[in-house]
Amino acid sequence: MAEQTDKPRSFQEIILRLQSYWAAKGCAVLQPYDMEVGAGTFHPATTLRSLGTKPWAAAYVQPSRRPTDGRYGENPNRLQHYYQYQVVIKPSPPDLQALYLGSLEAIGIDMGRHDIRFVEDDWESPTLGAWGLGWEVWCDGMEVSQFTYFQQVGGHDCHPVSGELTYGLERLAMYVLGVEHVMDMPYNDPQAPIALSYGDVFRQTEQEYSRWNFDVADTETLLRHFEDAEAECQRILEVGADDPKTGKRIIMAHPAYDQCIKASHLFNLLDARGVISVTERQAYIGRVRTLAKLCADAFVQTEAGGYVS
Amino acid sequence: MPNLLIELFSEEIPARMQAQAAHNLKKLITDGLVEAGLTYSGTKAFSTPRRLALAVDGLTAESPTVREERKGPKVGAPEQAIEGFLRGAGVTRDQLEERETPKGAVYFAMIEKAGRLADEIVAEVLEQAVRNFPWPKSMRWGAGSLRWVRPLHSIVCILEDEAGSRIVPTDIDGIKAGDMTEGHRFMSPGRFSVANFDQYASLLKRAHVVLDPEERADHIWQDATNQAFASGLEVVEDKGLLAEVAGLVEWPVVLMGQIGEEFLDLPPEVLQTSMKEHQKFFSVRSAKSKRIERFITVANRETSDNGATILAGNQKVLAARLSDAKFFWENDLRVAKSGMSAWTEQLANVTFHNKLGNQAERINRIAELARDIAPYVGADVEDAEKAARIAKADLSSEMVYEFPELQGLMGRYYAEAAGQSGEIAAVCEEHYAPLGPSDVAPRAALSVAVSLADKIDTLTGFWAIDEKPTGSKDPFALRRAALGVIRLLRENNLSLELSRFLDAQLMRHLIALNGAGAENEIDTLEEILQEIVKAGVFGAAYHAVLDQREAGAVAAKLAETVPDISANLLGFFHDRLKVYLKDEGIRYDVIDACLSGELNDDLQLVAERATALGRVLETDEGANLVQGFKRANNILSQAEAKDGVEYSFGAEIKFAETAEEKALFAALDTAEADIKVALSEGAYETAMTAMAQLRSPVDAFFETVQINTDNQVVRRNRLNLLNRIRTVCASVADLSCLEG
């Protein structure tokens, strides 16, 4: 009976419940990063803040784009634009698993009826020069989250270690709401005067972006932008730390990292256009990784990165 | 006699690591205890997803006192040396004892190491074990620096004896050992204390944790087969999956579910792979038709609805997965029925290796070599080419993209759908074999031809670009490819001269690698290729073609490189053959003896010769003949070195003086004739046996005849006779390679 009354009724309610839950557990609830990224991990609140010694606790929704996953809004599960919910806490608290399970209960998963499992799944991001150990979390055989203890980011050992939780929101919500096709999922309250489904909000954009990603995006422009972002990232970091105008030490790790994010997304777009061969792929990934490492090197020289002058 | 209980309680340990971890814990702890002087009567180790546990029974309560006598410096040695000795031995000056030795008065220290309590030793050994635990991958967490496979939460370490049970005090990176543990995460939350192993195991069971992984696996298998049987079905056995699933649960609950009707016509392998890889489900099939109809999943808990929600969730996930698989299968079948050309064309966009070109180029080369090989293995030439051209088409299919482990098998289904004959379709699946030791080599001639061509193409390719395996590095699995060739030849009893194919395929690679340069000479190069097929080796083919015209730059380069690379690769095959035959119990030196002769590129022949020689050497005749041969060889070599001539011809019976000498002449005549006949018939054992018949005449000859007599004619004749022993034996094997 509890399961009946406590069930969320819409996609947004699940997000709102996660926000309240993690806020109550002491996380700073951040807003999405205002750039195109492939996953919530790219948000500087995770990548950069997992570096250095300063404690950190944040939770946020991150719109994420994976151009190659576009299916013109027709596939029940696949989207080129989707949402991730991300929690990152440094140092990882000893009860992180219990906190995570509490969040599942908060969104209406009755622990008494479901089978939750932590199945080995180590995480690695070659573009970020990052890896960690952890699990994919299964609920009745379905992967509902990724749970990772970061060991290295941007080539730097993480010490202390951050615990990272990533929820694939659409998939999780479809499961909780019992929806078969993502486009049929209620976005807001189905009883609302203007009830909107996920499809009402996103079907058209999925079509538009799928077409653009696969067939229309101008590859020469993308390639040029990739190279520009790469050059700008390196240039920013080569500028000295001392700002002549303010007389302060200002290392521009975040502006540089924005360029790294851009390069990474441009690479994903080029990949979706099918113009990157298997051998070139590795080279591109290596170039983005180089940028990510430079940004990480810079960040640990800043105050937020634990630098003490 | 205390009993020890250790539990290391952590977050979820990867299933694949649990068994080894339990074993390592047992070894590290018991080795440590024994090293410190303790003994024990028995030990058991267990693992669950969240814990490693170890029980050590009948531990001695303390280690024995050890007395050790240590010899120090001489009396009157420099003060520094004496001080140093005192420090090292941990004694004071007045405890030293002076003793007379043959080298004068020397100080001796009597060191007594007091016995230590088991508690103290256990604490130390446990800390060492935790800190040095050999996890395949380990991590840090929080702000600590300890490494474990996943965060380590608590440690139970208790000793129990007649007086009761006590905690062994220890603190590893802030984790204090205690007597508290916890049960099932969801079914029995909360911690409880334990006093000894039996109580621990039974309290855990009450708290919904089955400690013993074998017990969990047995329970799963029993329950799964019972449920299937009740529905007239059977579970498809999969030991690896069973062990893995037993490592994912502390309280296994077996649930059988339905597979949607619309998916039942998928190939069984697709169903099975999809269910196993993604969901870790067992397949359940009809006992009669063997059609997969249901699945078994293993949950980690009981629920009030008897697993209904869990099963429904799993069924839903499976349906989504199988819809994908069905979608791939149907799309793929469409491409297959239109002739698969879309796939083979697509392979031109897939790089095989940046120096060795794309998959389409690779397939062209394999097809050409398959044509060359076909007649030698009894396959039709045109069919061999056709099969080679589609054998890897399924690499472009959606199903293989999703499930790489289904490559080949899907190719077979798709080739059949494309209307190819059963033999050709079988090649798609069989040409990868043999992959591992448990995999059998294909038997069908067509599959053998393409399988050999595939492997030889890979080997010659990496030899052509000089990327051979070194040490433990063999990223392209070239050792396995060479072993595959050997097994194909052995298991099909195929005698063929490998060099001609190595040479031809090396040429094809080198032509491609020389690019535009080779284009200008392509006619000449093609002609050499044709000749290799006829003449059997590169050298002869090269001369046959280029004696009549000027060699271009590429041809000239090939003349320099092909024979060396080919010989090197053949050497690699020989090394693999030795390893392979070693497993059949044939010694390296026996194989060496058979490699030095002609036709050593016929690996099946070499193997047969080595097997035969090995058998003959096990007989008295064989073993003694080797001694006789070596003696003859030594005397002959010495005489040749001394006299500066080669005694290689012309032993005449008329100069023979003794009966034994004459008998040897006769025996050699007989052996020579017998060996010749046997060899021409490929009867190696007969040839070897004929050779072994020389044993008694050779022995008798050496016993009675003096080689180095004053009569030079007789001496020369005898030396020439020894040479006949050498040459007759050499026609069978090079016995000088043999050890002992």
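Take A:235-248, A:148-161, B:61-74 and order them by the average number of nearby Cβ atoms within 10 Å per residue, most first; the result is A:148-161, B:61-74, A:235-248. Inter-label distance, B:Lys473 to A:Ala28: 4.6 nm, where each label sits 7 Å from its Cα along the C-beta direction. By the rule of a C-alpha distance below 19 Å, with chain neighbours fewer than 8 residues away ignored, the aspartates and glutamates paired with B:Lys113 are B:Glu35, B:Glu62, B:Glu68, B:Glu69, B:Asp94, B:Glu97, B:Glu124. Explain nothing, just the number: relative contact order of region B:69-113, from Cα pairs under 8 Å at least 6 residues apart, as a whole percent. Over region B:69-113, the number comes to 50 percent.
What Kirkwood radius, in Å to one decimal, follows from the Cα pairs of region B:69-113? All intermediate terms of the calculation are to be shown ahead of the outcome.
Working: mean 1/r = 0.0956 Å⁻¹.
About 10.5 Å, per the Kirkwood formula over Cα pairs.
Taking every residue in A:149-161 and counting other chain Cβ atoms within 10 Å of its Cβ, the average works out to 3.
Restricting to Cα atoms and excluding each atom paired with itself, what does the Kirkwood estimate give for the protein assembly as shown in Å? It would help to have the intermediate numbers written out before the result.
Numbers: mean 1/r = 0.0281 Å⁻¹.
Result for the protein assembly as shown, one decimal place: 35.6 Å.
Extension gain for B:Glu598 to B:Thr686 (0.36 nm times residue separation, less C-alpha to C-alpha distance): 29.8 nm.
Between B:Ser637 and A:Thr246, the FRET efficiency from the beta-carbon distance, with R0 = 60 Å, is close to 0.10. With θ taken as phi - 60° and the Karplus curve 6.51 cos²θ - 1.76 cosθ + 1.60 applied, the whole-hertz 3J(HN,Hα) list for region B:202-207 is 6, 5, 4, 4, 5, 8 Hz, x standing for glycine and proline.
Would you please state the base-10 log of I(q)/I(0) at q = 0.12, 0.26, 0.27 1/Å for region A:123-202, with intensities from the Debye formula using one equal scatterer on every alpha carbon? Here log10 of I(q) over I(0) equals -0.52, -1.12, -1.17.
Considering just Cα atoms, how many Å³ per residue does the convex hull of chain B enclose?
Working: hull volume 229.3 nm³, N = 740.
Looking at chain B, the number lands at 310 Å³ per residue.
Its DSSP H runs of at least 4 residues, each contributing -39,500 (n - 2.57), put the calculated 222 nm mean residue ellipticity of chain A at -12000 deg cm²/dmol, to the nearest 500. Pair-distance distribution P(r) for region A:1-74, from all Cα-Cα distances in 10 Å bins starting at 0: 16, 35, 31, 16, 2 percent.
What average count of beta carbons from other chains do you get within 10 Å of the Cβ of residues in B:298-310?
4
For region A:180-214 and region B:254-279, what is the separation of their C-alpha centers, rounded to whole Å? Cα centroid to Cα centroid, the span is 31 Å. Here region B:695-714 is scanned for amide nitrogen atoms under 13 Å from the site 7 Å beyond the Cα of B:Asp620 along Cα-to-Cβ, giving B:695-696.
Dipole check for region B:527-653: with +1 at the C-beta of Lys and Arg, -1 at the C-beta of Asp and Glu, and the Cα centre as origin, the magnitude is about 260 Debye. Here's the list of aspartates and glutamates a cross-link from B:Lys582 could span, going by alpha-carbon distance under 17 Å and ignoring same-chain residues fewer than 8 apart: B:Glu491, B:Asp592, B:Glu608, B:Glu618, B:Glu739.
Where the eigenvalues come from the Cα gyration tensor of region B:171-211, what are the semi-axes √(5λ) of the equivalent ellipsoid, largest first, in whole Å? Could you put the intermediate results ahead of the total?
Details: eigenvalues 77, 34, 11 Å².
Whole-Å semi-axes of the equivalent ellipsoid: 20, 13, 7.
Largest first, the extents of the alpha carbon coordinates of region B:213-337 on the three principal axes equal 49, 29, 25 Å. Residues in region B:187-198 carry Karplus couplings, in order, of 7, 9, x, x, 9, 8, 9, 10, 10, 7, 5, 4 Hz; the curve used is 6.51 cos²θ - 1.76 cosθ + 1.60 with θ = phi - 60°, and Gly or Pro positions show x.
You can think of it this way: the chain between B:Ala544 and B:Glu560 has 4.2 nm of extra reach, that is 0.36 nm per residue less the Cα-Cα gap.
Taking region B:213-337 as the region of interest, the number of lysine pairs whose Cα atoms are within less than 18 Å, with members eight or more places apart or on different chains, is 8.
Between the alpha-carbon centres of region B:684-707 and region A:69-135 there is a gap of 79 Å.
The charge dipole of the protein assembly as shown, taken about its Cα centre with unit charges on the Cβ atoms of Lys, Arg (+1), Asp and Glu (-1) only, comes to about 1740 debye.
Just the ratio, please: alpha-carbon radius of gyration of region B:1-115 over 2.2 N^0.38 Å, N its number of residues.
Details: Rg = 22.9 Å, N = 115, 2.2 N^0.38 = 13.4 Å.
Here the Cα radius of gyration is 1.72 times the empirical estimate.
Annotated for chain A: lysine pairs at least 8 residues apart or interchain, Cα distance under 30 Å, count 16.
Report the FRET efficiency, 1/(1 + (r/R0)^6), for B:Val579 and B:Ala553, where r is their Cβ-Cβ distance and R0 is 56 Å, rounded to 0.05.
0.90
In straight-distance terms, cross-link reach from B:Lys74 covers every one of the lysines whose alpha-carbon lies under 22 Å from its own, apart from those fewer than eight places away in the same chain; here that gives B:Lys103.
Look at the stretch A:87-94: the mean tally of other chain Cβ atoms within 10 Å of its residues' Cβ atoms is 3. Distance between the 7 Å Cα→Cβ label points at A:Phe214 and B:Asp589: 6.9 nm. Here region B:592-737 is treated as a sphere whose radius is the Kirkwood value from Cα pairs; by Stokes-Einstein at 37 °C and 0.692 mPa s it diffuses with a coefficient of 212 µm²/s. For chain A, the Kirkwood estimate of the hydrodynamic radius, built from every pair of different alpha carbons, is 20.6 Å.
For the pair region B:96-153 and region B:49-94, the centres of their Cα atoms are 12 angstrom apart.
Where a number appears in this text, it was derived from the coordinates with a stated rule and is not lab data. On a predicted model such as this, the values are computed, not experimentally measured, just so you know. Note that we place each Cβ from the backbone using ideal geometry, even for glycine, and neighbour counts take in every protein chain shown.
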